[in-house]
Amino acid sequence: MVGKVLKVRRAGIAGFRLATYRCLFVPKKLFESEKTMDVNLALLADSANISREGKLNLLGIFNLIYAQSFPAVHPNMHLVVSFSTTNAEAGRTKQVEIQFLGPDGNKIGSITGKFVVPKGEPGYPIQVNHIVPIPPLKFEKPGDYACSIFVNEELKKEASLRVLPLKPAK
């Protein structure tokens, strides 16, 4: 059972005695006001959309690209991100920055934006899906690249991308 340690003080007879009890399994939803925004999903895809019903549809998920030569440019990709939080965050504005990092860890590009957390159903998490079209990105050399997702300047998740040279056919 998911929970959190909670110390409870209970008054004794006529309020003179105090006792401390430890409850090991307090339901997580009692602590909704403490929860901040999380990123549940961050991946790269050829295409994605959100249906009228709110379903997130993904097409061509990948984390590996082969290039014939370097520098290489990948013409079309989308970063799909699913944020989650609680109603305690409803109405608050979140600053989001996506940083593209090269194999050496240096920033090769970034995208910034804001969104307001919508109100959700009481007692249920709020999920906000975003599909970010990535402009053609230049990969100078083979290696491990990353898309780092920051919310209010706090790193929440990374989507990795490996770029390798295409091996000639034998």
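The values are calculated or read from the model by the stated rules, or taken from the named source; none is laboratory data. Keep in mind that what you see is a predicted model, and the values were worked out from it rather than measured. So basically every Cβ, Gly included, is an ideal-geometry build from the backbone, and we count neighbours across all protein chains shown. Side chains are part of the model used for accessible areas, which takes the heavy atoms of the whole protein and leaves out ligands, DNA and RNA. Shrake-Rupley method; radii C 1.70, N 1.55, O 1.52, S 1.80 Å.
Quantify, in whole percent, the carbon and sulfur part of the accessible surface of segment 116-170 (1.4 Å probe; protein heavy atoms only).
Looking at segment 116-170 in its full context, I get 57 percent from C and S.
Which translational diffusion coefficient, to the nearest whole µm²/s, is obtained for segment 70-117 from the Stokes-Einstein equation, given a Kirkwood hydrodynamic radius over C-alpha pairs, 4 °C and 1.567 mPa s?
Stokes-Einstein gives a translational diffusion coefficient of 96 µm²/s.
Pairs of Cα atoms under 8 Å, at least six residues apart: use those to get the relative contact order of segment 80-170, whole percent.
32
Placing +1 on the Cβ of each Lys and Arg and -1 on the Cβ of each Asp and Glu in segment 80-148, which of Gly113, Phe100, Ile131 has its Cα farthest towards the positive end of the resulting dipole?
Gly113
So which of Lys138/Lys167; Lys107/Lys141; Lys94/Lys141 end up more than 22 Å apart, counting from Cα to Cα?
Flagged as over cut-off: Lys94/Lys141.
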